[in-house]
1. What number, in nm² with one decimal, is the all-direction average of the projected area of the convex hull of the alpha-carbon atoms of region 1-53?
2. Provide Glu42, Glu249, Glu82, Glu130 in ascending order of the number of other Cβ atoms located within 10 Å of each residue's Cβ, fewest first.
3. List the residues whose amide H sits under 5 Å from the amide H of Thr5, counting only those 5 or more places along or on another chain, with H placed 1.01 Å from N in the peptide plane.
4. Return Met1, Met98, Met230 ranked ascending by Cβ neighbour count within 10 Å, so the fewest neighbours appear first.
5. Looking at the chain from every direction and averaging, what is the projected area of its Cα convex hull in nm²?
6. Connecting C-alpha atoms closer than 10 Å in a GNM of the chain, tell me which of Glu185, Glu168, Glu84 has the biggest fluctuation.
7. Looking at region 171-278 from every direction and averaging, what is the projected area of its Cα convex hull in nm²?
8. When all C-alpha to C-alpha distances in region 29-85 are sorted into bins of 10 Å, what percent of pairs does each bin hold, rounded to whole numbers?
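What follows is calculated from the coordinates using simple rules that are stated; it is not laboratory data. Computed from a predicted model, the values in this text were never measured in an experiment. When we count neighbours, we look across all protein chains shown, and the Cβ atoms used for this are built from the backbone with ideal geometry, even at glycine.
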Amino acid sequence: MYRITKVLNHNAILAVEGQGISEFLLLGKGVGFGKKVTQTVEVPEGTAIYSLQENTQRGSAKELIKEVDPKCLEIADAILNEAEKKLGKLDRTVLFPMADHLAFAIRRIQNGEQIHNPLANDIRILFHQEYKAAQCAEELLKKEYGIQIVPDEIGYLALHVHSAITEEKISDGMLTAQAVHYCVELLEQETGQSIDVMSLAYNRLMNHVRYMIARAIQGEKLKLNMNDYMSVKFPRGYALAEQICREIEKMLHKTIEEVEIGYLAMHLERIASEELEEG
């Protein structure tokens, strides 16, 4: 049983459990309808419960709740529900920073301010399921606010979803997308060909860079060293891989182990050979 401390709207209330003092956010269809402060309620089936003890980069959940329109909380909850269907269990504390981001996005759109996300396409491909889950915000924002969200914004929401699945910081997801984007740009310059982002080789490269960055962040190291073989067999690909690794080190402020260069070179060569064959 929960005792209501504040009714936010028909679908959102703040409440404490039993005789406790810790406050929770309850989100669910009709959970606040006709309810009053101090009233004790059973939690209806399908209601999502969030602790307000959480801290985010923008402050405590309790403080964010005061600034964010309850509808943004509902939309963030709907995105997480969609993500859970596609990707399984996730960290729902992401609700608060995601709702905060939505509130800013809504204000920007209402003020006619355009946001540019140069990595939106990379995010869409790299975090495909997360992006698809975030897309449900499109219809909800149109219905609740009469506004149209652009793919650039959906890309940012997808990073929130990704952080809920992996427990990575949103900035880490952004760095991964940036690193993949940089790889592709360099490779396109090297081959003089546009890279087919739907190709199997591209997807392998994308996933390799993703896990390479995760290894660098976590301090893990690959065991088999292919550097000698790759540097002799594919010197141009190896030199390009080395350049990319050094650049990613600057982005991450972390060391990329030397052993990573040979593996990255292998993926770069695979894409280059595919593009040249097709070209």
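1. Approximately 3.0 nm², given one-decimal rounding.
2. The order, fewest Cβ neighbours first, is Glu42, Glu249, Glu82, Glu130.
3. When sequence neighbours closer than 5 places are left aside, the close amide H contacts are Leu14, Ala15, Val16, Thr38.
4. Working: Met1 10, Met98 29, Met230 21.
Sorted ascending by nearby Cβ count, the order is Met1, Met230, Met98.
5. On the way: hull surface 69.0 nm².
Result: 17.3 nm².
6. Glu185
7. Values: hull surface 25.2 nm².
Here the figure is 6.3 nm², rounded to one decimal.
8. Histogram of Cα-Cα distances, whole percents per bin: 17, 47, 33, 3.
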